[in-house]
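Everything on this sheet refers to the single structure shown next.
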Amino acid sequence: MVIEINKDIDRYKETVVMGLTARQLIFSVASIAVGGGLVLILYQYIGLTPSVYVAIPAVAPIALGGFYSFNGMNFYEFMGRKIRMMFKNRPLTYVSAESEEVIRKIRMEEDAGKKAAEKKRGSLKKTHKSSKKGNQEEFENMKKKAVKMLAGVVAVVAAAVIGVVVYKSKH
């Protein structure tokens, strides 16, 4: 089987009758026929308004079949998938691939890594006792900078508020 793609895609047009595609036209005629038939049959027994209310639930799915489209699916395909997902979809069960023994080994490896890191830090602390004093000074300097920046931001916001008040009072 040879499948060819039409190279003249720019001139492609769907068949349109009265502004409707063939599918829309067929489903429109079908919905009008079903709705009109139900109204004519039920009119004698229950009256005009109730017969129209009874016909609407029968006509709506037919009309939607021609006009509704979602992700390339028509109304009937979409609703079929939705109903299948609601009722026939089985819950997925999860089974862990790790047993308790494997988890225990992983935790032991993590603990060993933490102990090695602590030993490394301990040896660094012994060699660099003066670094703690330097860190404290650095922290205090950063704290002073943060306070100065906060004071500057408050001053700028206060100046902006005062400027707006002065501008509004003059105009």
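For the chain, calculate the relative contact order in percent as a whole number, restricting contacts to Cα pairs under 8 Å that are 6 or more residues apart. Each step should come with its number before you reach the end.
Working: 54 pairs, mean separation 20.4, N = 171.
Relative contact order here is 12 percent.
Which order do peptides 144-153, 82-91 fall in by mean Cβ count within 10 Å, highest first?
144-153, 82-91
If you work out Kirkwood radius over Cα pairs in Å from the coordinates, which of [x] 27.4; [y] 16.5; [z] 17.0 do you get?
This structure yields the entry labelled [x].
Tilt of helix 48-67 relative to the longest C-alpha principal axis of the chain, in degrees (0 to 90, nearest 10)?
60
Rank Glu118, Glu138, Glu101 by mean-square fluctuation in a GNM of the chain with C-alpha springs under 10 angstrom and give only the top-ranked residue.
Glu138
Lys/Arg Cβ at +1, Asp/Glu Cβ at -1, dipole of the chain taken about the Cα centre: which of Met142, Ile103, Tyr167 is farthest positive-ward?
Met142
Which of the listed residues, Tyr94, Leu20, Gly47, is farthest toward the dipole's positive end in the chain, when Lys, Arg count +1 and Asp, Glu count -1 at the beta-carbon?
So the residue we want is Tyr94.
Mind pulling the angle between the C-alpha long axis of helix 100-127 and the longest principal axis of the chain? Nearest 10 degrees, somewhere in 0 to 90.
Roughly 30 degrees between the two axes.
To the nearest 500 deg cm²/dmol, what mean residue ellipticity at 222 nm is calculated for the chain from DSSP H runs of n ≥ 4 alone, each contributing -39,500 (n - 2.57), summed and divided by the residues?
Estimated from H runs of four or more residues: -26500 deg cm²/dmol.
Kindly identify region 13-87 as rounded, prolate or oblate by the Cα gyration tensor criterion: order the square roots of the eigenvalues as a ≥ b ≥ c, call it rounded if a/c is under 1.5, otherwise compare a/b with b/c, prolate if a/b is larger, else oblate.
Because a/c hits 1.5 or more and a/b fails to exceed b/c, region 13-87 counts as oblate.
Could you give the size of the charge dipole of the chain about its Cα centre, using +1 on the Cβ of each K and R and -1 on the Cβ of each D and E, expressed in debye and rounded to the nearest 20?
1680
Read-outs throughout are calculated quantities, based only on the coordinates presented, and are distinct from any laboratory measurement. No experiment lies behind these values; they were computed from the predicted model shown. Methodologically, a virtual Cβ is constructed for each residue, glycine included, from the backbone with ideal geometry; neighbour enumeration extends over all protein chains shown.
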